[in-house]
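Only one structure is covered here, and it is reproduced in the block below.
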Amino acid sequence: MTLRQGREFLSIPGPTNIPDEVLNAMHRPAIEIYSGDLLGVTERLLNDLRTVFRTTGRTYIYAANGHGAWEAAISNVLSKHDKVLVLESGRFAVGWGEMAGVQGCEFEILKSTPRRAVDPAAVEARLREDIAGEIKAIMVVQIDTASGIVNDIPAIRNAIDAAGHPALFMVDGMASIGCMQFEMDAWGIDVAIVGSQKGLMSPPGLGLVAAGPKAVEAHKTAGLRTHYWDWTAREGSVHYEKYCGTPPEHLLFALCKSMDMLFEEGLENAWERHRLLAGAVHAAVAVWGREGAMELNIQEPSERAASVSPVLLGDGIDPAELLKWCSEQCGVVVGSGIGDMGHNAIRIAHMGYANAPMLLGTLSVLEMGFQALGVPHGKGGAQAAIDYLADAIK
Ligand SMILES: *Cc1c(COP(=O)(O)O)cnc(C)c1O
């Protein structure tokens, strides 16, 4: 006997919950791809993406996941042997840099203090040393989904400007766009990427890229361009060429619906919702940690992500056992730690289509799991989350 019969709660940092309205938007026949309604769908989405990235620049839609968007970004603005500076803050920026390495770039990792965000002063100092201007691009993630760090993108932009460095500024907004403020133009971001399956509440499968004027200029001489990813090839007047082949129609229908929902809520309201849900998790973990070894991976409150909260569990429990219990007994699927946090952490996601009862349910089941499995913890974490939210929206 278990308590799991009922709607499963997916609390992992991607793919995230897909609203029924978005699922239903895909339940329709395929349509013509050279003319008719689909042309309007494409035009509308390219514009909606400008709204989400907050840019007047160009936007591109790829049938790809986030890694595809990474490759699209690299190949459109860089050449073999170009040097890129990767700002480490967990796992994902490094993965992006390694990909640039495979494509023939040289990459240098600017190390950060473990469990801390990128230090803008360190970025400025490194760029000041680059008198020859060897660094062609700077890569960073806004939210690192592995560590739960949020980097201060405008502060890093200011550091680049203070050093007077001309490198392209490339930002991964996979786990942040739709979940917190992101301002491509106002923050001087040259290339930005996101995927469909996190804050944007759609199924996985679309890689979305935005390019500002400096990136478009760099594109003209980029040596890594390949036909599939090439921005120029996608700017022709033939609709089919905008996708370099058959458009992923049903994913486009889904994304239209999730954009409707996001704009109806209001981007700023969605950011605030994420901020409050994150605050509720912080309140719960603080209480659990009073009589247990658990703690948020990110200690500095201003550096905690709005969309995902990795929690270190200490030695008392194997996270896999806890996650299995939550899933099998209660139908709540919480994220596992990844990278070097694979065996001592869980990741609680509050990303995309997530509301207070979903989060409170997840926190309550985790607390049930601690109790059922005999994991030492301070009691009342879920209550602290309730108190926090009740106070916040009073
Ligand atoms: C999920 C994620 C990616 C990778 O996206 P995939 O769709 O899994 O390829 C890249 N960067 C960040 C910050 C992510 O959270």
**Asked** Taking Leu312 and the conditions (1) more than 22 Å from Ala270 (Cα to Cα); (2) within 22 Å of the chain's Cα centre (by Cα); (3) open to solvent by less than 20 Å² (accessible area, probe 1.4 Å); (4) not small (Gly, Ala, Ser), which numbered condition does it fall short on, given that it satisfies the others?
**Response** (3)
**Prompt:** For the range 39-66, which residues satisfy the criterion of being touching a residue at least 60 places away in the same chain (Cβ under 8 Å), more than 17 Å from Gly178 (Cβ to Cβ) and either buried (at least 20 other Cβ atoms within 10 Å of the Cβ) or not polar (S, T, N, Q) (or both)?
**Reply:** Leu39, Val41, Arg44, Gly57, Arg58, Tyr60, Tyr62, Ala63, Ala64
**Asked** Of the numbered conditions (1) within 16 Å of the ligand (Cβ to nearest atom); (2) within 30 Å of Pro376 (Cα to Cα), Val285 satisfies every one except a single condition; which is it?
**Response** (1)
**Message:** Restricting to the range 197-223, name every residue that is part of a loop (DSSP other than H, G, I, E, B), away from the ligand (no atom under 16 Å from the Cβ) and either hydroxyl-bearing (Ser, Thr, Tyr) or closer than 30 Å to Met26 by Cβ (or both).
**Reply:** Thr221
**Message:** Please go through the range 145-182 and give me each residue that is free of Cβ contacts under 8 Å to residues at least 40 places away in the same chain and part of a helix (DSSP H, G or I), ordered by number.
**Reply:** Ile153, Pro154, Ala155, Arg157, Asn158, Ala159, Ile160, Asp161, Ala162
**Message:** Here is a list: Gly97, Gly66. Which entry is modelled with pLDDT of 95 or more, in the same structural domain as Lys242 (by TED's automatic domain parsing), within 13 Å of the ligand (Cβ to nearest atom) and over 22 Å from Thr232 (Cα atoms)?
**Reply:** Gly97
**Request:** Name the single residue, out of those in the range 208-242 being more than 26 Å from the chain's Cα centre (by Cα) and among the acidic types (Asp, Glu), that is most open to solvent (accessible area, probe 1.4 Å).
**Result:** Glu217
**Request:** Out of the residues in the range 141-158 that are surrounded by 23 or more Cβ atoms within 10 Å (Cβ to Cβ) and over 17 Å from Ser302 (Cβ atoms), state the one that is nearest to the chain's Cα centre (by Cα).
**Result:** Thr145
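The values are calculated or read from the model by the stated rules, or taken from the named source; none is laboratory data. This one's a predicted model, so the numbers in the text were calculated from it and none came from an experiment. So basically every Cβ, Gly included, is an ideal-geometry build from the backbone, and we count neighbours across all protein chains shown. Calculation scope for accessible area: heavy atoms of the full protein, side chains included, ligands and nucleic acids excluded. Shrake-Rupley method; radii C 1.70, N 1.55, O 1.52, S 1.80 Å.
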